[in-house]
1. Given a cut-off of 21 Å, name the pairs among A:Lys39/A:Lys190; A:Lys85/A:Lys470; A:Lys85/A:Lys105; A:Lys139/A:Lys190; B:Lys145/B:Lys243; B:Lys98/B:Lys122 whose C-alpha atoms lie farther apart than that in the structure shown.
2. Which value, in Å² and to the nearest 10, is the accessible area of A:Phe486 when all protein chains are kept and the probe is 1.4 Å?
3. Each label point is 7 Å from the Cα along the Cα-to-Cβ direction; what then is the distance between the points at A:Asn77 and A:Glu332, in nm?
4. Rounded to the nearest Å, what's the spacing between the alpha carbon centres of the range B:277-304 and the range A:65-89? Just the number, please.
5. Accessible area per residue for the range B:466-532 in Å², computed with a 1.4 Å probe and the full protein assembly in place, what is it?
6. Using a 7 Å offset from the Cα along the Cα-to-Cβ direction at both B:Lys432 and A:Val228, what is the distance between the two label points in nm, to one decimal?
7. Given C-alpha coordinates of chain A, what is the ratio Rg to Rh with the Kirkwood estimate of Rh?
8. For B:Glu205 and A:Asn276, FRET efficiency with R0 = 51 Å and r from the beta-carbon atoms, rounded to 0.05?
Amino acid sequence: MSSGGNTSSVYAGDEINAIVLDPGSYNTRIGYAGDDFPKVVVPSYYGIDKNDIAKSNAPGGKTRRVFGEDINLPRSNFETNPILKDSEIQDWDAAVDQYSHYFNKVLKLDYKEQPILITEPVWTSNQYRQQLIDTFFEKFDFPALYLAKSPTCISFQQGRPNCLVVDIGHDSVSVTPVIDGISLLKNSMKTNYAGRFLSDHIQDLLAHKFPEAKIEPRYRIKSKNPTVFPTAADYTTKPLNENITTSFDDYQKEKIWHEFKESMLEVPEKKLNNLNASQSNSIKEFYSSDANKRLFELPTGQSVELSLDRYALADTLFDPESYPFHNADLNEKYPPSNGEISLANTFDDYKPLKRARKAESNQSTPPLSQDDHNGNHTEIRGLSSLISSTLSSVDIDLRSSVAHNIIITGGVSLIPQLTERLYTELTNSNPGLKIRLHAVGNSSERFNQAWIGGSILASLGTFHQMWVSKEEYQEVGPDRILSQRFR
Amino acid sequence: MSASDILDVLNVQRGEGAPAKKKQKTNNGKTQRQSGMARELYNLLGPNTPPVSLSAGGGSSAVKDKLNLKPSPWSRIGFTPQKSEKGKSNLKLYHWVKGSKELLEQEAIEEKPYFFDKFDLKPDIPELVDEETYDRLMEEIRREKSKNSIPTETTNDDTKPASNDNNDNKTTELVNGIDKEKESRADSKEKEHKEDGDKSPAETEWSYEETKQLFVLCNDFELKWHAIFDRFTYPGKTLEDLKEHFYLLCGKILKNKPNVNPQLLDSLNSYSKSKEIERKQYLENLLTRTPAEIAEEESLVVEARRFELAAKKMLVERSNLLTLFDSPQTSQSVQQYRSSQGLTNLYNSLMIMDKHQKRKQLSFQKGSSGRDPIPPSIPVAASSSFKKDRGFQTHLQQYLSGLLKQNQANNNGIKQEKSAVQQLLAKKLTVKEEEAYGLYYHANEKLTPGVILRSGQRLPGLSQRQSTLKSVSSLLQELDIPTVGGTNWKPIMPTRKTMTKFDELLRASATLLEVKKAKDKLESEIKLIKSQRGLQ
Ligand SMILES: Nc1ncnc2c1ncn2[C@@H]1O[C@H](COP(=O)(O)OP(=O)(O)OP(=O)(O)O)[C@@H](O)[C@H]1O
Ligand SMILES: [Mg+2]
């Protein structure tokens, strides 16, 4: 429908064929605004020939990267690298390469006519955002562009202008209050106790508990016969090229952990490590019972049996402190985090110097994480306490409406019983608030939620004025565009 | 060719019932058939009803119209979303619009305003003055503030400098004065709070730079304060600080402008930071209540509601009683009630009134139960048995409550007035009360259906031989136990208790007599044997 025939104000859509791009740490989603689902959902990884990297550093060198399904093909000297970290683009060349691959070859875009909406997390610095815009205007021919905060998109997807968005993704868990469709940055919180954290825990647990069980990536297996753990695995491998890189293997193993997450994890009703020893023992006993046993088949055909650990793994999201890794390296990877985001650099550009001194007295600027190194103890916040502390930081006038509209999203939130556990813990810790959780039932909507929200946003007729064209960007300058237009 | 022809050709045998059915169907289908489907085609369907309804209610004409109509043209054309700030931007977007391309291009030339432009609204915010004026205004504000912070005895002092000519303003000023008194009190409280070196909110300084950012943000975020506060980059300011500063400054700026709405000015000046903080503190306290406290408060509220309802009900009952007292005019002579007919009349009229009242009460109960979730407990509370143990249930009650529930479930649809007995049963009665009403739960007894009089009831103890019965009767006579006499083995007053006791007595005496008989027999035998052996 269009403006011409539109007389009712209820439907405010007006398609302009915009492109929506939602780069996540695990998957990147690209598609047309107005669609229900992204046309393209691909891993945010790329494959590249090791030798090419060296070449590309030399002037005039050309690199060939592979994306999507192609990266799963075992090739010698081929690295598999992530493009994003913490939902921020790290490898700009690869990102541009990936996007242009999908824009040009898969979607065959007509750049002249299609503006692009890009989702971004709330913790991006202005410097990063500027680089993002510059890169897009420079490398692609989009007439206009918009940066949308992903919690804002999610709130649009749910049609809840005032809400608290809890996004449990791959690299990060983020909690963001959204008021009138605007994400509140100062109140947002983020930890890394998310999907990758779980993957590492799974890997750590299997290595510790079943040291004899061999974890082979699936692509190596030629044939296999099912066995159960104490019995040795019975399989044959494919003859493969010698020079498979570890990054490729790690990426392939990540798929096993993902499968494990999907099929094995379940959130226990209560914290497994309670202060009360007898209570926690009885809970553990319950979850160790035969009824809770489940087999997981490794790619080698060997199955391992797990019961309590299935629950303990999911419990790490809620109580990361109680589950140190057996592998010390992994402990290093996840320093204690209380979820507070340092936004200092976001505003660096125009903060007068004389104010810097007062930063300590300001409650809203979170204490910087450097405190840890000074020996200060950081409170480790699991999922529920992260949400609770965000709730308590929100202005009292908004708190009840926000607590009533908590949106749970992101791939990891699909673990069974997660919302139930969250509900009981939140209600217990916030007796005065009426907690209501909203999680879309459709699983693919759950991890594409930010994209879908962006798709809705970009197809609104009232959104037309929000696009920022290249000319306007150059005319007005990045500072003002960033603070006033992409809010 | 129709379905029957096909069936004939294919030699398909049809059942006897089929043709009749088919006729019916085609009759019904006649209206359907007309729509959207050729008759020949429809006939081929035969006795089968079409899987989907073919007509959407619009009749065949709608479908045909659609088939014949040329699709209205939609064309993809470029447009320029208007930018309110910079006039026209050169961004061109494309969308689909109904209408032919030529027509739409014509329109574009005519500069038809862009449809969604009307939603692009900006808040009406005064522009920030230059730095010099800003300093002057701030000085003014500071002066006023320091003056206000000294609590004044009379509010009139405050109103004078403002020099108002209409009464309306005076009253608001008065209110303001009261506010200010409160404010100063709150201020002192806050100072106590923040004794640890933190500056009191009244002293927050605002540089021109900060103010500039504030105004820009207010414009950008359309006065959504939470967003403004979130994006405000200078540290050390609370949300209330921002609001206060903005409102005060806007008030000052607007004052110097011609034809400003005085009400707006008033509302701008009436913002009180300390009260806002106080309010939030209060809310915060409300939220930090423990679950126990919340539960207690809730139960108190429920209790209070209950009391209210009970009081209301009592008033209604009392008025009913009063009317009841009034009904036969006591001042009249009682002569007319002397005769038996007169008494019956009186009785009847009283009964009629009583019924009326009961009906009223019932409807009142029903009505109120619709509105309020808790009232059913109140009628019970009014009953005398309420004070006694409510948790305890007699056998009868257990049985009855089950029965009543069932009945209610069965009769839910039909609105029935409860009979007096049912109402009585619905109440919780003590053992004593049950007895008084003569209610009894026959647990395992077999009862003959229908009404039985106890006087005609045959006691189980009477199933004896005639001879024993005779001796029993003589025994009873010897013991001076009165019976109805004759062949009626009944106590004179056959209450349930006496009847059971009497029954017991009968059995006991029958056994006694039997034992005596046996004893006599044995004794005589012993005598006989003794005499035989000559042991005497
Ligand atoms: N059914 C499932 N059960 C458990 N975990 C799942 C399930 N499906 C996906 N995941 C996990 O969810 C994570 C991906 O979630 P999602 O797609 O929301 O992340 P992302 O948006 O790409 O990352 P981020 O938001 O951190 O940038 C992965 O770790 C994946 O293993
Ligand atoms: Mg995500």
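The values are calculated or read from the model by the stated rules, or taken from the named source; none is laboratory data. Keep in mind that what you see is a predicted model, and the values were worked out from it rather than measured. Neighbour counts are summed over all protein chains in view; Cβ atoms, including those assigned to glycine, are modelled from backbone coordinates with ideal geometry. When the accessible area is computed, the model is the full protein with side chains, heavy atoms only, and any ligands, DNA or RNA have been set aside. Shrake-Rupley method; radii C 1.70, N 1.55, O 1.52, S 1.80 Å.
1. A:Lys39/A:Lys190; A:Lys85/A:Lys470; A:Lys85/A:Lys105; A:Lys139/A:Lys190; B:Lys98/B:Lys122
2. Taking all protein chains as shown, A:Phe486 has close to 0 Å².
3. Label-label distance for A:Asn77 and A:Glu332, simple model: 2.9 nm.
4. About 55 Å separates the Cα centre of the range B:277-304 from the one of the range A:65-89.
5. On the way: 5000 Å² over 67 residues.
With the other protein chains kept in place, the range B:466-532 gives 75 Å² per residue.
6. According to this spin-label approximation, the distance is 7.0 nm.
7. Working: Rg = 23.8 Å, Rh = 24.4 Å.
Result: Rg/Rh = 0.97.
8. The pair A:Asn276/B:Glu205 has a calculated efficiency of 0.45.
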